[in-house]
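See structure below.
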Amino acid sequence: MQLIIFGSPGVGKGTQAKILSEKLQIPHISTGDILRQSVKDQTEAGKKAEKIMNRGELVPDDVMIDIIKDRLNKPDSKKGFILDGFPRTVIQAEALDNLLNELKLNNISIVNLTADENEIIKRLNRRRACKNCGKIFTLEQISGLKKCPSCKEENSFYLRDDDKEDVIRNRLAVFKSSTMPVIQYYQNKGKVITIDGIGSINEINDSILKSLRN
Ligand code: AMP
């Protein structure tokens with residue numbers, strides 16, 4: 001199965017994509033994670049992306065399209081994949097169409113997770129990442145913990161620069177202006193499954209799986 005999980009920053013795309021990846025046994029491809037890894041590794045691309053990401057803006061399309069081409073050509077993508085965070089512009093969506101044609105994949109599903117903007121701001125502000133493994137937690141999940149539940153690193157929780165409130169507002173504005181048109185692009189092709197992103201993680205996951213089976 002090839003799946004794009006689409007939605008505004010903080011709507012829960014990453015959380016859902018990870019669970020679906022385990023259940024469906026296909027790779028979770030998050031362009032945000034790939035970029036954060038190159039920032040951590042201080043590659044040339046990472047150094048350039050870091051400043052852009054910290055402002056909540058978009059990394060240039062050509063850089064992102066190269067990243068995705070590279071990733072989808074890896075052998076594990078042959079059995080399917082879940083894209084999280086790509087495409088984020090209509091140019092990226094068109095490039096993805098061409099790439100999928102080349103790879104002879106023409107049955108991609110698009111799930112659009114939706115949530116109210118105030119809810120998103122609240123959620124992102126209450127999110128913490130582990131600086132060692134990158135995993136995201138809510139404040140409730142890590143309350144009283146000294147070690148990351150995932151990688152066991154001590155005192156590793158931090159508020160990502162791009163989860164600070166002024167940057168969140170910028171990310172939401174960029175989402176509206178550059179990324180919302182992508183959903184329209186797919187809606188014009190009649191291909192979008194819309195799912196309410198408010199609710200428990202399991203309920204939302206069940207709704208996604210049910211809608212994919214229909
Ligand atoms: P995410 O973790 O998906 O919210 O991504 C974090 C940041 O990485 C975004 O705010 C952008 O700066 C950058 N980014 C991730 N994916 C893309 C993309 N497809 N196009 C442009 N920038 C991206």
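The values are calculated or read from the model by the stated rules, or taken from the named source; none is laboratory data. None of the values given here were measured: they were computed from a predicted structure. Positions of Cβ are generated from backbone atoms using ideal geometry, with glycine treated the same way; all protein chains shown enter the neighbour counts. Each accessible area value is taken on the protein alone, full model and side chains, heavy atoms only, with ligands, DNA and RNA left out. Shrake-Rupley method; radii C 1.70, N 1.55, O 1.52, S 1.80 Å.
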Say we look at the range 33-60 and pick out the residues that are part of a loop (DSSP other than H, G, I, E, B) and near the ligand (Cβ under 7 Å from one of its atoms); which of these is surrounded by the most Cβ atoms within 10 Å (Cβ to Cβ)? GLY56
Could you please tell me which pairs satisfy a Cβ distance under 7 Å, a separation of 6+ or placement on different chains, a first residue in the range 47-73 that is under 23 Å from LYS176 (Cα atoms), and a second residue that is acidic (Asp, Glu) and part of a helix (DSSP H, G or I)? MET53/ASP162; ASN54/ASP161; ASN54/ASP162; GLY56/ASP162
Being open to solvent by 40 Å² or more (accessible area, probe 1.4 Å) and within 12 Å of the ligand (Cβ to nearest atom) is the filter here; which residues of the range 62-82 pass it? ASP62, VAL63, ASP66, ARG71
Scan of the range 143-176 for residues that are open to solvent by less than 20 Å² (accessible area, probe 1.4 Å) and farther than 15 Å from ARG36 by Cβ, ordered by number: CYS148, ILE168, LEU172
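To keep it simple, each residue is scored yes or no on (1) open to solvent by 20 Å² or more (accessible area, probe 1.4 Å); (2) in contact with a helix residue (DSSP H, G or I) (Cβ under 8 Å, 6 or more places away or on another chain); (3) within 16 Å of the ligand (Cβ to nearest atom).
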| site | (1), (2), (3) |
| --- | --- |
| PHE86 | no, yes, yes |
| GLN92 | no, yes, yes |
| ASN98 | yes, no, yes |
| ASN101 | yes, no, no |
| LYS104 | yes, no, no |
| ASN107 | yes, no, no |
| ASP116 | yes, no, no |
